[in-house]
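Everything below concerns the one structure shown next.
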Amino acid sequence: MSHAEKMQKAARISDLELYDLVVAMYPEKFASRDEAGDDLWDEVMQFVDEELCGELLQDEQGLRSLLGRILLMTHPIGSALSGNLYHALGTVQIDGDQVRMMAAAKAQLT
């Protein structure tokens, strides 16, 4: 299956998945209260509607910021050349038991 075919079949995430991802992507806003067991559902969904989809994604800089946060949520992978660990996003190729990624964006683990 080509990358384009995979992307066309991308499923919309559930409300619960959206909640969990937003809480994880914005720990400065939600993490401590989420860990304390506070009910943040309405606040997180309001943040998504008003700030994330409203103010934060109105321009290219907001999109870059969001994608940077998503990048840091990816499972780290090791570089075969340098041995360093990176968060990476890009196209994935699976050939038998080999999985390769052509990273479009990466951030080194520090």
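If you check GLU5 against the conditions, is it without any contact (Cβ under 8 Å) to a residue 40 or more places away in the chain, out of contact with any Lys or Arg (no Cβ under 8 Å at 6 or more places or on another chain), loosely packed, with under 11 Cβ neighbours inside 10 Å and part of a helix (DSSP H, G or I)?
Numbers: without any contact (Cβ under 8 Å) to a residue 40 or more places away in the chain: yes; out of contact with any Lys or Arg (no Cβ under 8 Å at 6 or more places or on another chain): yes; loosely packed, with under 11 Cβ neighbours inside 10 Å: yes; part of a helix (DSSP H, G or I): yes.
So GLU5 passes the test.
Of all residues in region 45-93, those satisfying the criterion of being part of a strand (DSSP E or B), without any contact (Cβ under 8 Å) to a residue 24 or more places away in the chain and under 15 Å from the mean Cα position of the chain (by Cα) are TYR86, HIS87, ALA88, LEU89, GLY90. If you go through region 8-23 and keep only what is in a helix (DSSP H, G or I) and either out of contact with any Asp or Glu (no Cβ under 6 Å at 6 or more places or on another chain) or in contact (Cβ under 8 Å) with a residue 60 or more places away in the chain (or both), you end up with GLN8, ASP15, LEU16, GLU17, LEU18, TYR19, ASP20, LEU21, VAL22. Checked against (1) in contact with a Leu (Cβ under 8 Å, 6 or more places away or on another chain); (2) modelled with pLDDT of 95 or more, ASP34 passes all but a single condition, namely (2).
No other residue among LEU71, LEU52 is within 28 Å of LYS6 (Cα to Cα), at pLDDT below 95 and surrounded by 15 or more Cβ atoms within 10 Å (Cβ to Cβ) apart from LEU52. Across region 24-37, the number of residues qualifying as in a loop (DSSP other than H, G, I, E, B) and surrounded by 11 or more Cβ atoms within 10 Å (Cβ to Cβ) comes to 1. Among the conditions (1) under 22 Å from HIS3 (Cα atoms); (2) of a type outside the set (Asp, Glu); (3) in contact (Cβ under 8 Å) with a residue 12 or more places away in the chain, the only one that ARG100 does not satisfy is (3).
The values are calculated or read from the model by the stated rules, or taken from the named source; none is laboratory data. Note that the structure is a prediction, hence the values are computed from the model and not measured. Virtual Cβ from ideal backbone geometry, glycine too; neighbours counted across all protein chains shown.
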